[in-house]
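Peer 1: Let me begin by handing over the structure; questions about it come next.
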Amino acid sequence: MTVRDGRSGLTGKDAGLSQDMSTRESAVAEAEAAEPEESPESIPGPRRPFPRPWTAWSAWVRRWREAHPTAAQALSVTVTVLAAALVVAALVMPNSVVRLGPSAFLRIPAEAVIGAAVMIALPRRPRVVLAAVSGVALGAMTVLNALDMGFKQYLGRGFNVVLDWSLFGDAESYLEDSLGRTETLAAVAGVIALVLLLFVLLALSMVRLSDLLARHTAIATRGTLVAGVVWITCSSLGLQLSGVPLASDSTATALKAQAHLVSATLKDEAEFRKVAKVDAFGNTPGSQLVPDLRGKDMIFTFIESYGRSAVEDPIMAPGVDSTLDARTKALAKAGFHAKSGWLTSATYGGSSWLGHSTTMSGLWISNQQRYRTVMASDHLSLTEAFKKTGAFDTVGVMPGVQKAWPEQKWYGLDKVYNAFELGYKGPKFSWSTMPDQYALQQYQDRVHSKKPADGKARMSLLILTSSHQPWAPIPKMVGWDQLGDGSIFKGIQAAGNKPADVIADTTKSRQEYGKSIQYSVTALTQWLTRYGSKDTVLVFLGDHQPIARVSGNHASRDVPVSIVAKDPKVLDEIADWGWTDGLRPAHNAPVWKMSAFRDRFLTAYGSTPHPKKG
């Protein structure tokens, strides 16, 4: 029979167990009380909870809101409005400088309407995740739009996400040469910080706006429906504000364009490999290449950024045209005559090597992938054609080359003098390592004044750099016998304009660009009248137009090209080309694609086609 303890309500057996457990717990408590208290330093791990920074911040914000409800409400509204403005601005942001303006941002983005509808329908966790991811994606598209703007301003085309990442290294080198290392590092760090901040702000903004929609579902749903109806109406009627459609789908369009560009780039890479294997003169024996130029002192020269704008723009043209006319007369006085026309360059504003290789290969090399493909091929370059004859030594003078240049093999050059092999001790002129006049004198001293071995003639390739942006400071002509090691240019460089002052001023950039072209043309033609012979044949041309800020947003890609010689037979061979007499091509002179020049030149001077079909 079980007996209950009236005091505890437990049976006798249970009461005994409870008493035993109580006794043991008391003993343990007494033992722990007898142990000495440990100092915080002796505790092996954290035992006391410390408030997390975010928790402390949240608590402080909560207290501040309770103490200042009106200010808190105003701040909350302001942040929400700014978040909405940032998101909308990113969604409707154009990818061209010429389309920037207030009206471009006063538009209704379709992506915002669709995004709001999706956010309203989602539960909290997936909604927050989607909002954050969408903000980061929108940040990426904003960066791509900004890159498009920059590339269109400088290179006359949009940014290619497949091919153009390698150009950032060149851009950094250009800034360092123009502005200095410290300023360049600061600029790069600032850009990186700005991009990261943009990603963070857009992600947070999207999350905040999605939370707002979720808290006010009814109002948000009605507002989304109204916005959708307004967008459809504006789109259907073609309503515009200052010539800009009110209904926008800029982000979706930009994303579609980028996807198409990636697909086209990958397709182009495969197709161009096949094109590069076909060559009209690929199997022509050396004995049948340029027979009409045997024994000639053949020189090909590219003048940096020498474009059509220099000859026809109302700001630059007066000075440049005056120089071209004066130099034409000086050449005629020395017995030289010239014919000039236009070539449409494969590049614009920069990437000069694309213009060089297009001219020499007869292929349209408009991007870096095509360039790499051609450089790795055995497609015949115009300069290689002279080497293949066995009758010419070949040499290159490249004051802009400051590192290993494996392209030498494709160009067929026996020897190349780079920036460090010309003995220059003077100052750099921004990006340009040395003045053109000095480079030409070094070419004369090291190459042109010396007869090739074995009675051969010579073919030379010169790349002049003094007219490279930012066109500050610009060298000045000095006495040819005063050049020495280039130290004479120290005072000229120090007295010149600062790059930062010219870069920031469009009008000044145009003026200084024109002066740089005058300098380069003068240096080259003075060298020719001073050192050229009856056998000298000079072909000189621009590699591309200057940047859009100088040439204009709608400028052509045309560059002048001239052939100069004393021997009248040289110019008679191209009489049917329709080119203009003198160094200044007429406005209506023939315009060819730059890739057409190689075959026309080889044909004009007696070369026989023997096609290579790949």
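Coordinate-derived values only; no laboratory data. Predicted model only: the values in this text are computed from it and were never measured. Note that we place each Cβ from the backbone using ideal geometry, even for glycine, and neighbour counts take in every protein chain shown.
Peer 1: Pull up the cross-link candidates among the lysines for LYS339, meaning alpha carbon to alpha carbon under 21 Å and not fewer than 8 places away within one chain.
Peer 2: LYS296, LYS329, LYS534, LYS566, LYS569, LYS593
Peer 1: With axes computed from alpha carbons, what is the tilt in degrees of helix 69-92 against the longest principal axis of the chain, rounded to the nearest 10 within 0 to 90?
Peer 2: 40
Peer 1: Kindly express, to the nearest 10 degrees and within the range 0 to 90, the angle between helix 110-121's C-alpha long axis and the longest C-alpha principal axis of the chain.
Peer 2: Once rounded, the angle reads 20 degrees.
Peer 1: Hey, quick one: spin label on LEU241, modelled 7 Å out along Cα-Cβ, who in region 86-126 has an amide N within reach, i.e. under 17 Å?
Peer 2: Residues 86-94, 99-113 fall inside that zone.
Peer 1: Is the shape of the chain rounded, prolate or oblate, going by the alpha carbon gyration tensor and its root eigenvalues a ≥ b ≥ c, with a/c under 1.5 for rounded and a/b larger than b/c for prolate?
Peer 2: prolate
Peer 1: Take the alpha carbon gyration tensor of region 236-374, find the square roots of its eigenvalues, order them as a ≥ b ≥ c, and report rounded if a/c is under 1.5; if not, report prolate when a/b exceeds b/c, else oblate.
Peer 2: Oblate shape, in that a/c is at least 1.5 and b/c is the bigger or equal ratio.
Peer 1: Here's a follow-up. Please work out whether region 340-471 counts as rounded, prolate or oblate from its C-alpha gyration tensor, where a ≥ b ≥ c are the square roots of the eigenvalues and a/c under 1.5 means rounded, while otherwise a/b larger than b/c means prolate and anything else oblate?
Peer 2: Verdict is oblate for region 340-471.
Peer 1: Order the peptides 506-517, 394-405 from the highest to the lowest mean number of other Cβ atoms within 10 Å of their residues.
Peer 2: Top of the packing list down: 506-517, 394-405.
Peer 1: On to the next question. Compute the acute angle (0 to 90°) between the alpha-carbon long axis of helix 53-67 and the principal axis of greatest extent of the alpha-carbon atoms of the chain; round to the nearest 10°.
Peer 2: 70
Peer 1: Right, next: Just from its helices, what would the mean residue ellipticity at 222 nm be for the chain, if runs of 4 or more DSSP H residues each count -39500 (n - 2.57) and the sum is divided by every residue, rounded to the nearest 500 deg cm²/dmol?
Peer 2: Counting only the DSSP helices, I get -17000 deg cm²/dmol.
Peer 1: May I pose another question? Can you list the residues, at least 5 places off or on another chain, whose amide H is less than 5 Å from the amide H of VAL416, using H built in the peptide plane?
Peer 2: Sorted by chain and number, the residues that satisfy this are GLY396.
Peer 1: Taking θ as phi - 60°, what are the ³J(HN,Hα) couplings along region 418-425 by the Karplus curve (6.51, -1.76, 1.60), each to the nearest whole Hz, with x for Gly and Pro?
Peer 2: Each residue's phi maps through the Karplus curve to give 8, 4, 9, 10, 10, x, 7, 10 Hz.
Peer 1: Now a separate question. With a cut-off of 8 Å between alpha carbons and a minimum separation of six or more residues, what is the relative contact order of the chain in percent?
Peer 2: Numbers: 949 pairs, mean separation 124.7, N = 614.
Computed value for the chain: 20 percent relative contact order.
Peer 1: Additional query: If the cut-off is a Cα-Cα distance under 16 Å, which lysines reach LYS515, setting aside same-chain residues fewer than 8 apart in sequence?
Peer 2: Leaving aside lysines fewer than 8 places away in the same chain, those within reach of LYS515 are LYS476, LYS498.
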